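Data first, discussion second: the structure below is written as structure tokens.
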Amino acid sequence: MSAVAVPVRAGSPPFWRHLLGFNMFTGIVLAVVGWVIGDNVVGPAIHAKSLAYYTTEAGQNDISVLLGYLFGVAGFLIGLGFANYPIKRMLGYPPTLAEHESEGEGLWRYFRLCTDHKVVGIQYLVGIGVFFFVGGLNAMFIRTELLQPNVHIWGANQYLTLVGMHGAMMMGMMTSGVLGPFANYLVPLMIGTRRMAYPRVEAFTFWLLMAAGVVLITTVFFGGFQTGWTGYATLGDQGQVGYDAYIGFFALVGTSMTLLGFNLMATIITMRAPGMTWSRLPMMVWGTLATSILMLLAAPMLVATLLMAALDRTAQTAFFIPGNGGSSYLYENLFWVFGHPEVYIVAIPGFMIVLELLPVFARKPLWGYRLAVAGFLGVALLSWFVWQHHLFVSGINADLRPFYMLSTELISLPTGFTFLCAMGTLWRGRIRLEVPMLFCLAWAFNFLFGGLSGVFNSDTPSDVTTHGSFFVMAHFHYTIMGGLVFTFFAAIYYWGPKMLGFKFNERLAKIHFWTLFISFNSTFGPLFALGFMGMPRRVVTYNPHWQFLNDWVSASAYCIGLSMLVFLANVIYSMVLKREPVEANPWNSKSIEWTYPTPVPVHDFDRFPVFDGDPYPYGVEPVAAPATAAVPAGGSS
Amino acid sequence: MTTFDHGATGATGEDRLHFRRLLMIWVPLTIALLAIDIWVLGPILPPGNGSVEASGQRVDNIVLLAMATPVMTAVLVYFSYAIIVFRERDPAAALEGPAIRGHAGVQLWWLVITTGIVLAAAGYGTARLLADGSGGGQGPNPIAAPAQASSDRPLQVQVIAQQWHFTFRWPSYGGFETTDLKLPAHTLVEFHVTSLDVVHSFWAYQLGVKADANPGEDNVAYVTTNGPLRFNIRCAELCGVWHGYMYQPGQVLSQSQFASWIAQQRQQNAPSEKFLTPYAKTYFPAPGRRSG
């Protein structure tokens, strides 16, 4: 936080002037240069001298493509200016946060490396939003193909590529969908610090994620990949060069997630303002902490797995090649050791937003604070012990199945704590059905069915039928889309005015909510039935008897798409056309972040905020109760 | 927490009123839905009664549904009630609810009840799984087989998954290979599922069998067939471009029909039998095979 290093330029420089220097434009130019060097110079040189035992047979060169991605991403980051600081430090310059301080106030800050946590939060929101729409568009294409029981729009290969891109884009991007925008923006404000523990790392996670998204999209130039988002080896080993894009994408996402979790965790543990004790943390911060622990520990497993897959394809190793002593189970295990904490990385942010928002709109303190915290941490802990429920019928460790059945069903206990705390908070509250509250209540509805259907998947005898069917697909869309995406929108409508400085049109927001809620249930509800009838996932053809239900689902999916367009229209209308300045505290919230001015100043605050009590100081306190009555309140967990 | 841990702890008359009302809605609704679960949904729940294991899974699904129903109605009734009864009628009035921050009794009972449900579900699922393996793939050393597996010799059928179809070898009949799967009725069948290339999954929906096919691995699943029926075989694990087309029909025949079918198949395949790789539990694919 040193003084301004570069004097602020007077007046507005011409447009082209902004393109010079270290920014996104330079990053893209250097990314192309890096790609050309990796793919056309270094890669072929190495490939020519390698054994190329597997690759010559198929006539493909994975080394060049992977190196192209590596060099391209490195060029992109250098172009953004990530190398400047380490080089300067090596040359003996003093430490500084010049990226934070010197950029002025303009919109250009958002197109270059900026270590202001508020800028990174909004960069995340927009960047992830773009890829979220790409992933959603893929889903529309998938449902268009499934309008008829036989191939009619996409070929089988394009269809599987769409399925894989949809899954990978959604899982990879939306994993940071709440923590990226909202935790980066709000956690420092909520705990009373001006920045994250590692501001440069914070910016790095964002730009790495954007690079990853572009890498995944380039798979369409290389024949796509047929493996779905799980990328199971053996099938992946066979994959065309497009599978290298999948490897590159998820390895970059995993790196970004690891660093994001690590940074948030360090911030929450070490940078709380005086008075912000553990028992006064808002639920948002507790949830972020639980999620970031999972991110930090789980995502490296993914990166390691994909490195092994990449080595199998380039350096002639055989981690996952059964004929040469490898094992397909190894990939499945490694992937799900990451993959199951991953689904709770996606779920806990939903829990935390619900518990953060319910007190505001029920006008009551949070019910069962300690129980809620125990719920988050319990989910985070148990999520490490359930991964083999993805492998019940895989033929691995038959005698461990009762244990994984039990552990999987046990995780519904801490999840139930979130429900109980939400229900307790509503009890005798004065509930205001504002738009963010509607999305939170929809979470309760969706996640209830997501959770209860999970019981069928967790039960091995029942899972024999539901595994790999549309039932599983419906289940995790109910938990992830119904859980995370709904609360993601709750957060946008709730904190959007604070972050972006404008008010959403309420009528459009309500249309968005109701169309989304109805069409979501109309889309994924019937998929439970289709799965029960025996329709497997990821198929391009299906039994003609199922066409009516599939057409129904596709039509409903289009309604989800239209609902998202309503949201987009609302953003354009409210942000660009109307631009109604927002009141300081439209929800009359008593939470910490609303005590800051809107828009939040670059330096957040001049004096450290003081924390001295309940983070949710709502409600009418009862008349002084006798001291003995006060003991059992607050949770027994 | 102790700094702000005060608030209403004893239930007031209002609390009791709401609770009684909730109970009065929840109990009849749950009973009605349970009846629907058992008598309306129960008979049509998957995967039907194609085999002993399939019937077991169907009963299992009914039990799980019956366990999930009270939870579902409790949460739905509560949220609906809260939205209707606790809704702020006058948004202009900046009124707030009572500052209740928890209730030890409610939390304790919640914990006890949910733990009970979870343990019951896990215990029931385990008992059912260990009784006969429920038709799931159990790897090379199955731990749960139907009771008669030790006394009778089960009919062994090897399922070989490959991109993109299943073939079947019959070790009980000399190990020859067929492209169709037909099984005798009322017989204990021991499937040995393996793959020649990538991970597939052998799913005979009506028989309630699903077992992943891994290259170089032997995955055993048991099923006890019922009377004659037709069933569908599908691949349930994404296995490449034509995964969506990897399905074929199967049939359970009466024992005499099966005997004549297998004899006819064996005779038909006799000329090619000497070119077959000797029967084995697993077949390793060509190293590093990549289809590109």
Checking A:Thr227 against (1) crowded, with 22+ Cβ neighbours inside 10 Å; (2) outside any loop (DSSP other than H, G, I, E, B), the condition it does not meet: (2)
Where residues in region A:416-437 are β-branched (Val, Ile, Thr) and surrounded by 24 or more Cβ atoms within 10 Å (Cβ to Cβ), which of them is nearest to A:Leu357 (Cα to Cα)? A:Thr425
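Please determine whether any residue of region A:285-292 is crowded, with 21+ Cβ neighbours inside 10 Å and not in a helix (DSSP H, G or I).
The answer is no; no qualifying residue exists.
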Single match in A:Gly129, A:Gly121 (criterion: without any contact (Cβ under 8 Å) to a residue 24 or more places away in the chain and closer than 22 Å to A:Leu260 by Cα): A:Gly129
Looking at region A:407-415, can you tell me whether even one residue there is among the charged types (D, E, K, R), more than 15 Å from B:Trp110 (Cα to Cα) and within 7 Å of chain B (Cβ to nearest Cβ)? yes
Please verify whether A:Val253 is of a type in the set (Val, Ile, Thr) and out of contact with any Ser or Thr (no Cβ under 8 Å at 6 or more places or on another chain), treating the condition exactly as stated. no
Take the conditions part of a helix (DSSP H, G or I) and more than 10 Å from chain A (Cβ to nearest Cβ) and apply them to B:Ile113. Does it pass? no
Taking into account only those residues within region B:69-89 that are touching a residue at least 40 places away in the same chain (Cβ under 8 Å) and at the interface with another protein chain (Cβ under 7 Å from one of its Cβ atoms), which is nearest to the chain's Cα centre (by Cα)? B:Val71
Report yes if some residue within region B:202-220 is of a type in the set (Asp, Glu), closer than 25 Å to A:His390 by Cβ and not in a loop (DSSP other than H, G, I, E, B); otherwise report no. yes
B:Gln162 versus (1) under 30 Å from B:Tyr247 (Cα atoms); (2) of a type outside the set (Phe, Trp, Tyr); (3) touching a Leu at 6+ places or on another chain (Cβ under 9 Å); (4) more than 14 Å from chain A (Cβ to nearest Cβ): which is the lone unmet condition? (4)
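Report yes if some residue within region B:243-252 is surrounded by 12 or more Cβ atoms within 10 Å (Cβ to Cβ) and more than 14 Å from chain A (Cβ to nearest Cβ); otherwise report no. Steps first, answer last, please.
In the first step, residues of region B:243-252 are kept if they are surrounded by 12 or more Cβ atoms within 10 Å (Cβ to Cβ); the result is B:243-248, B:250-252.
Going one step further and asking which of them are more than 14 Å from chain A (Cβ to nearest Cβ), we end up with B:251-252.
Among the residues of region B:243-252, at least one is surrounded by 12 or more Cβ atoms within 10 Å (Cβ to Cβ) and more than 14 Å from chain A (Cβ to nearest Cβ), which makes the answer yes.
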A:Phe419 closer than 28 Å to A:Arg363 by Cα and more than 9 Å from every other protein chain (Cβ to nearest Cβ): no
Based on what the data block shows, is B:Val199 at the interface with another protein chain (Cβ under 7 Å from one of its Cβ atoms) and closer than 17 Å to B:Phe284 by Cα? yes
For region B:156-184, give me the residue count where each residue is among the aliphatic types (A, V, I, L, M) and under 18 Å from B:Thr282 (Cα atoms). 4
For region A:106-128, what are the residues that are in a helix (DSSP H, G or I), in contact with a Gly (Cβ under 8 Å, 6 or more places away or on another chain) and not β-branched (Val, Ile, Thr)? A:Gly121, A:Tyr124, A:Leu125, A:Gly127
Only listed residue being facing chain A (nearest Cβ under 7 Å) and assigned to a loop (DSSP other than H, G, I, E, B), chosen from B:Gly125, B:Gly139, B:Gly48, B:Gly56: B:Gly139
Is it the case that some residue within region B:148-164 is surrounded by fewer than 17 Cβ atoms within 10 Å (Cβ to Cβ), modelled with pLDDT under 95 and part of a loop (DSSP other than H, G, I, E, B)? yes
Residue that is farthest from the other protein chains (Cβ to nearest Cβ) [pool: residues in region A:534-581 that are surrounded by fewer than 18 Cβ atoms within 10 Å (Cβ to Cβ) and assigned to a loop (DSSP other than H, G, I, E, B)]: A:Arg579
Every residue from region A:281-311 that is in contact with a helix residue (DSSP H, G or I) (Cβ under 8 Å, 6 or more places away or on another chain) and within 14 Å of another protein chain (Cβ to nearest Cβ): A:Leu281, A:Pro282, A:Met283, A:Trp286, A:Ala309
Here is a check on your reading of the model: is A:Tyr329 within 14 Å of chain B (Cβ to nearest Cβ), surrounded by 20 or more Cβ atoms within 10 Å (Cβ to Cβ) and of a type outside the set (Val, Ile, Thr)? yes
Which one is modelled with the lowest pLDDT among residues in region A:392-412 that are more than 16 Å from A:Gly451 (Cβ to Cβ) and among the polar types (S, T, N, Q)? A:Asn397
Quick check on region B:117-133. Is at least one of its residues surrounded by 20 or more Cβ atoms within 10 Å (Cβ to Cβ) and in contact with a strand residue (DSSP E or B) (Cβ under 7 Å, 6 or more places away or on another chain)? yes
Hits in region A:392-412 - residues which are under 26 Å from the mean Cα position of the chain (by Cα) and among the small types (Gly, Ala, Ser): A:Ser407, A:Ser412
When you look at B:Gly136, is it under 20 Å from the mean Cα position of the chain (by Cα) and either of a type outside the set (A, V, I, L, M, F, W, C) or not assigned by TED's automatic domain parsing to the domain that holds B:Met246 (or both), yes or no? yes
For region A:452-464, what are the residues that are in contact with a strand residue (DSSP E or B) (Cβ under 7 Å, 6 or more places away or on another chain) and among the polar types (S, T, N, Q)? A:Thr460
List, please: which pairs have Cβ atoms under 8 Å, are six or more places apart or on different chains, and start with a residue in region A:258-273 that is in contact (Cβ under 8 Å) with a residue 40 or more places away in the chain and end with one that is crowded, with 20+ Cβ neighbours inside 10 Å and of a type in the set (D, E, K, R)? A:Leu260/A:Glu202; A:Asn263/A:Glu202
So which of B:Ala66, B:Ala120, B:Ala92, B:Ala104 ends up being of a type in the set (A, V, I, L, M, F, W, C) and at the interface with chain A (Cβ under 9 Å from one of its Cβ atoms)? B:Ala104
Which numbered condition trips up A:Gly525, out of (1) assigned to a helix (DSSP H, G or I); (2) farther than 25 Å from B:Asn61 by Cα; (3) within 14 Å of chain B (Cβ to nearest Cβ)? (2)
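The values are calculated or read from the model by the stated rules, or taken from the named source; none is laboratory data. Just so we're clear, the structure is a prediction, and the values are computed from it rather than from any experiment. Because the Cβ atoms are built from the backbone with ideal geometry, glycine has one as well, and the counts that use them run over all protein chains shown.
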